[in-house]
1. Being of a type outside the set (Lys, Arg) and farther than 21 Å from Leu300 by Cα is the filter here; which residues of the range 330-361 pass it?
2. Hey, can you tell me all the residues within the range 191-226 that are among the hydrophobic types (A, V, I, L, M, F, W, C) and over 24 Å from Ser328 (Cα atoms)?
3. Has the range 343-354 got any residue that is buried (at least 21 other Cβ atoms within 10 Å of the Cβ) and within 30 Å of Asn58 (Cβ to Cβ)?
4. Have a look at Arg312, Arg293 and point out the one that is within 30 Å of Glu6 (Cα to Cα), without any contact (Cβ under 8 Å) to a residue 24 or more places away in the chain and assigned to a helix (DSSP H, G or I).
5. So which residues in the range 1-45 are among the hydrophobic types (A, V, I, L, M, F, W, C) and modelled with pLDDT under 95, if there are any at all?
6. Collect the residues in the range 76-114 that are charged (D, E, K, R) and at pLDDT 95 or above, keeping them in residue-number order.
7. Hey, among the residues in the range 150-169 that are modelled with pLDDT of 95 or more and part of a loop (DSSP other than H, G, I, E, B), which one's farthest from Thr225 (Cα to Cα)?
8. Could you look through the range 170-186, keep only residues that are outside any strand (DSSP E or B) and over 19 Å from the mean Cα position of the chain (by Cα), and pick out the one that is nearest to Glu368 (Cα to Cα)?
Amino acid sequence: MSEPTEEAVRAEVRTWLEANWNPELGLVEWRLKLCQSGWGAPHWPRQWYGRDLPVKFNSVVDEEFARIGAVGVAKAGIRTLAAATILAHGTDLHKEKFLKRILTGEDTWCQLFSEPGSGSDLAGAVTRADRQGNKWVINGQKVWTTSAHKAHWGLLLARANWDAVKHKGLAYFILDMKQPGVQVHPLKQMNGHASFNQVFFTDAIVEPEFLVSDVGDGWKVATTTLMHERRGADGLRNWATAAGKTGRIYEEEKAEVATTMEPYKWYPQRAGRVDLVMQRAHETGRIDDPVVRQEIARLLIMSKAAEWTARRARAAQEQGKPQGPEGSLGKLVSSHVARQAARVHTYITGSDALLSGKDSPMEGVIAEILVSVPAGSIAGGTDEIQRNIISERVLKMPKEPSVDTDRPFKDVPRNITAS
């Protein structure tokens, strides 16, 4: 079967939207129609709410949705990582149970990866997964877990085999976040938000069918999640926005942004808000300062280079290539752009950049940028981790010496106990 043309895809989705779009529908009702039609996730398999179209046609479909102001499926948040991981590694049961409710936005998700003693060293996780009878019993702690306080389900990486080497003893689970064995405690951030959480597991239960892949393959599954996270890092700046139009569906979308997506509303500031730089430079008159102009030029050059890197990543995806190191390249450069943007905002605003509140520059947005930007160099793998990935996988440099990958994990010295 030959691949359809862009014109044919555009005509088909336009015809379907003109016959079905109704802003007075409920948000979930409309998204269920999208699931049935396949236009909500056209690159997904037909069996699982898609149309088997190449990824390159997603932008065509998005343009047609935007043309008439149609709302799409729930694409933002950790749910997108859950969907990508389940499509790649999940069973038919997982796909049947979770994918539709991810697209409709009825279920929210969190990513239970980082731990107090193993943040960047993700494979050093010590949260326990013990098989007891026909269930898995989870004990341990996770931290920096975005949206855990709102999530229905969690993507959990835990250690199921202490006699295996570090990367081979891990298992990947889908965990019910609403059960009694899970306690979530929000963490207050220095920018005033509380998106992150500590999560404690005390004899939490995972049914055996919610093990994703086999014990020992947890690292492989987690790598899929991380690669999608890093490839999408530059898209975070557009999260948590509503259309602002009238109609039932827009009102319900607005409510979704104010509740489910609330933890992500500071993410544009985390990315540095390059979009505000020229406006601020003209408003303050700092555009005439030659030193400031030079720093602005440096920022805009870096930002454009980052955009090109992101386009290369999208082009690779559209060609059906597997997730590769371009995700790490894009994530690393995005954190450099964010730091330069924070520096430029400081040059432009001066000491007033430290002020927050209604009387501060842009009602505290500039101050929020300064205290939010550092998160971009940590979340989803630190800059140092990304440099290691790039050096080893792209430049083919020797790996760093390791003292913990050639012995059973139970024998590896750690800062915290395994009990």
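1. Ser351, Asp352, Leu354, Leu355, Ser356, Gly357, Asp359, Ser360, Pro361
2. Taking the range 191-226 and keeping what is among the hydrophobic types (A, V, I, L, M, F, W, C), we get 194, 196, 199-201, 204-206, 210-212, 215, 219, 221-222, 226.
Result: Ala194, Val199, Phe200, Phe201, Ala204, Ile205, Val206, Phe210, Leu211, Val212, Val215.
3. Checked against the condition, which is being buried (at least 21 other Cβ atoms within 10 Å of the Cβ) and within 30 Å of Asn58 (Cβ to Cβ), the range 343-354 yields no hits at all.
4. Details: Arg293 fails: within 30 Å of Glu6 (Cα to Cα).
Arg312 is the lone residue from the list that is within 30 Å of Glu6 (Cα to Cα), without any contact (Cβ under 8 Å) to a residue 24 or more places away in the chain and assigned to a helix (DSSP H, G or I).
5. Step one: of the range 1-45, the residues among the hydrophobic types (A, V, I, L, M, F, W, C) are 1, 8-9, 11, 13, 16-17, 19, 21, 25, 27-28, 30, 32, 34-35, 39, 41, 44.
Hit for the range 1-45 is Met1, nothing else.
6. Going residue by residue through the range 76-114, those that are charged (D, E, K, R) are 79, 92, 95-97, 100-101, 106-107.
Scanning the range 76-114 gives Asp92, Lys95, Glu96, Lys97, Lys100, Arg101, Glu106, Asp107.
7. Applying the filter and picking the extreme gives Asp163.
8. Going residue by residue through the range 170-186, those that are outside any strand (DSSP E or B) are 177-181.
From what is left, the residues that are over 19 Å from the mean Cα position of the chain (by Cα) are 178-181.
Values: Lys178: 32, Gln179: 35, Pro180: 36, Gly181: 35 Å.
So, considering only residues that are outside any strand (DSSP E or B) and over 19 Å from the mean Cα position of the chain (by Cα), the one nearest to Glu368 (Cα to Cα) is Lys178.
The values are calculated or read from the model by the stated rules, or taken from the named source; none is laboratory data. Note that this is a predicted model, so its numbers are computed, not measured. Don't worry about glycine lacking a Cβ; one is built from the backbone with ideal geometry, like all the others, and counts go over all protein chains shown.
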